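This report concerns only the one structure given below.
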Amino acid sequence: MDVLFGLYHYWVFAVVLMIGFYVVVAKLNLIKMLIGLSLFQSAVFLLYITMGKVDGGTAPIFQPDISQQVFSNPLPQVLILTAIVVGISTMALGLGIVVRIKEEYGSIEEHEIHELDETDPR
């Protein structure tokens, strides 16, 4: 039983990932789709950050009097900081596109936009 709950962060990752995926696939509102993408992305962040954690590990700061010390890997945190910036930029761009779609079509519901596109004589 400890094996299943000892790695709870992987369970949290899987649940948040599936919730985000469900929202992206099942919802027709463009804002809800963007929120689902954000959840999906947050789950991936969680996975990478938890992979960098080492039991008993400390920050990788080398000192002359320390030998045989176990260090945590800082690379996943660095990569995630970059990914967070890219994610925020992508979300801002997506919201800007949704605003422009709302101005053009008067709706942010995907099925209504498709109906308007099919009936438009242009």
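In the chain, the DSSP-assigned H stretches of four residues or longer account for a calculated mean residue ellipticity at 222 nm of -24000 deg cm²/dmol, using -39500 (n - 2.57) per stretch and the full residue count as denominator. Let a ≥ b ≥ c be the square roots of the eigenvalues of the Cα gyration tensor of the stretch 14-85; is it rounded (a/c under 1.5), or, if not, prolate (a/b larger than b/c) or oblate? In terms of gyration-tensor shape, prolate. So which helices of the chain fit the span-like rule, where a helix is a whole DSSP H run, its Cα atoms reach 15 Å or more along the axis, and its mean Kyte-Doolittle is at least -0.5? Helices meeting the criterion: 8-26, 30-51, 75-105.
In summary, the chain shows an alpha-carbon radius of gyration equal to 1.55 times the 2.2 N^0.38 Å reference for compact globular proteins.
Across the stretch 12-55, the volume of the C-alpha convex hull divided among the residues equals 44 Å³ per residue. For the stretch 5-93, the list of chymotrypsin sites (Phe, Trp or Tyr not before Pro) that fall in a loop by DSSP and count at most 16 other C-beta atoms within 10 angstrom reads Phe62.
Just so you know, all these numbers are worked out from the coordinates, no wet-lab data involved. Just so you know, these numbers come straight off a predicted model, no measurement behind them. Methodologically, a virtual Cβ is constructed for each residue, glycine included, from the backbone with ideal geometry; neighbour enumeration extends over all protein chains shown.
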